[in-house]
Amino acid sequence: MSSIQTLGFRTLLLVVHLGRLGVFVGRLARASLAPPSRIRRFVAEVFDVGVLSLPIVCLSGATVGAVLGFQSYVALARFGAEGSVGAVVGLALIREFGPVLTALLVTGRAGSAVAAEIASMVQTGQIDGLRMMSIDPMHFVVMPKAWAMLFTLPLLSALFIVFAIAGGYGVVVHLLGLDPGTYLTSLEDSVDFHDDVMQSLTKALVFGTLMASISTYRGYTSEPTSAGVSAATTGTVVTASVAVLLFDYALTTLWGV
Amino acid sequence: MQPSPTRDLVVGLFVLSGLAALAYLSIQVGGMAYTGPGGQRLYATFEEVGGLRPRAPIAIAGVKVGQVAAIDLDADLRARVALDVDRGLRLPVDTSARILTSGLLGDQFVALEPGAEEEFLADGSEIEFTESAISLEGLIGKFVNNAGLEEKAEK
């Protein structure tokens with residue numbers, strides 16, 4: 001194939017995948033409405049996706065907050081504006097770093113695992129086995145995983161932000177000697193519920209939807225081979241990360257300045 | 001799948017702590033404490049608000065008691081400022097509002113000075129006594145003009 005043909009093929013393939021993803025999400029939504037609710041499977045998935053991601057999310061949050069506090073202190077102290085460190089840290093964390101970094105971390109930690117698990121169920125014929133027992137694999141396997149990811153991401157993102165604010169507090173107040181009241185007051189004064197907290201929450205929900213649909217779709221539609229499992233895992237991390245960053249820009253412009 | 005009480009408990013704790021984090025961000029950091037149920041909305045009309053912006057703090061004797069909700073132009077082309085003030089705060093009806101600057105070049109905020117009346121401002125009422133923002137440019141302009149006049153007079 002010539003390079004132009006390849007380009008056209010790839011573009012069409014992308015559109016085909018988008019269409020399939022749409023159909024997949026539609027089927028998932030319809031399966032979600034059908035009884036039973038699979039609440040036990042959902043709780044187990046919240047444990048896998050949410051609770052097991054807690055250490056990495058909290059640790060990364062504290063580190064990111066500490067670095068952000070340190071860097072903005074150094075930059076702002078040049079203008080004698082170190083009183084605004086709290087505002088910089090708070091706005092950056094709540095608007096951007098919280099939802100985006102949590103989504104990237106959870107994609108790497110849990111999204112890849114979900115894709116690999118479903119892909120290996122495809123490969124070993126377990127999905128077909130469920131179908132033979134007339135259990136809809138969409139309902140039994142995919143639905144609890146997808147909803148657990150969508151449900152946990154806003155919670156993990158909020159915890160990330162709280163740990164990051166604490167991490168920033170630790171560095172700025174204890175290491176650099178800024179007044180604790182100055183840090184917290186400037187943080188609380190600059191953050192608005194409608195502009196910033198709602199933006200953060202919306203982003204987390206959108207990223208959760210992206211992650212949940214992409215990772216389950218890649219796993220469910222993988223080739224039934226070992227290479228298929230690895231392709232599904234890699235594909236999930238790459239596609240979901242890029243999608244998160246693209247949607248982040250789109251959502252940020254929605255809110256304006 | 002076997003029910004496991006320990007795992008369910010851990011999941012419950014995780015959900016609770018996530019919700020607590022969200023609540024902290026919304027109420028404490030996001031400033032819903034002033035706008036939520038029980039908060040009071042007051043209005044004040046100024047000739048000039050200068051650099052006052054929504055979310056600027058409102059202070060009594062330097063203590064923060066609320067934040068500016070919105071700034072609009074009223075029918076007389078003056079600035080009408082909506083103030084969200086702490087619940088439970090009782091301000092006399094002759095309270096006055098001034099726009100001050102924290103430090104020489106700092107951010108502007110609304111300072112309330114409680115009066116001496118026995119009656120208190122109700123939710124949604126108007127603060128009558130207001131003092132506009134002092135514009136630094138205006139002051140400098142006056143100063144330069146005066147200096148110029150004095151020089152001319154000396155000649």
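Derivation of every value follows stated rules applied to the coordinates shown; laboratory data play no part. Since the model is a prediction, treat every value here as computed from it, not as a measurement. Methodologically, a virtual Cβ is constructed for each residue, glycine included, from the backbone with ideal geometry; neighbour enumeration extends over all protein chains shown.
Annotations
- Folded to 0 to 90 degrees: helix B:5-23 orientation relative to chain B principal axis, Cα: 10 degrees
- Nearest-ten-degree value, helix B:136-154 long axis tilted from longest Cα axis of chain B: 20 degrees
- The Cα atoms of the range B:38-149 cover 53, 32, 27 Å along the three principal axes, with the biggest extent listed first.
- Report note on the peptides A:55-68, A:139-152: ranked by the mean count of other C-beta atoms within 10 Å, highest first, their order is A:139-152, A:55-68.
- Per residue of chain A, the DSSP helices (runs of n ≥ 4 H) give a summed -39500 (n - 2.57) that works out to -25500 deg cm²/dmol at 222 nm.
- Relative contact order of the range A:73-206: 52 percent, from C-alpha pairs under 8 Å at least 6 residues apart in sequence.
- Per-residue [θ]222 nm for chain B (sum of -39500 (n - 2.57) over DSSP H runs n ≥ 4, rounded to 500): -8500 deg cm²/dmol
- Dipole magnitude (debye, nearest 20) for the protein assembly as shown, charges at Cβ of Lys, Arg, Asp, Glu: 2480 debye
- Projected-area average for the range A:134-257 over all orientations - Cα convex hull basis, square nanometres: 10.6 nm²
- Amide N proximity, the range A:182-207 versus A:LEU246 label position 7 Å along Cα-to-Cβ, cut-off under 20 Å: A:203-207
- A Förster distance of 41 Å, applied to the separation of the beta-carbon atoms of A:THR6 and A:THR209, puts the FRET efficiency at 0.85.
- Rg to Rh quotient for the range A:39-255, alpha carbon positions, Kirkwood Rh: 1.09
- D (Stokes-Einstein, µm²/s), Kirkwood Cα radius, the protein assembly as shown, 1.002 mPa s at 20 °C: 86 µm²/s
- Angle of helix A:180-190 to the longest C-alpha principal axis of chain A, folded into 0 to 90 degrees and rounded to 10: 60°.
- Antiparallel bridges, percent of DSSP beta bridges restricted to the protein assembly as shown (to nearest 5): 75 percent
- Cα gyration tensor shape of the range A:1-127, rounded if a/c is under 1.5, else prolate or oblate by comparing a/b with b/c: oblate
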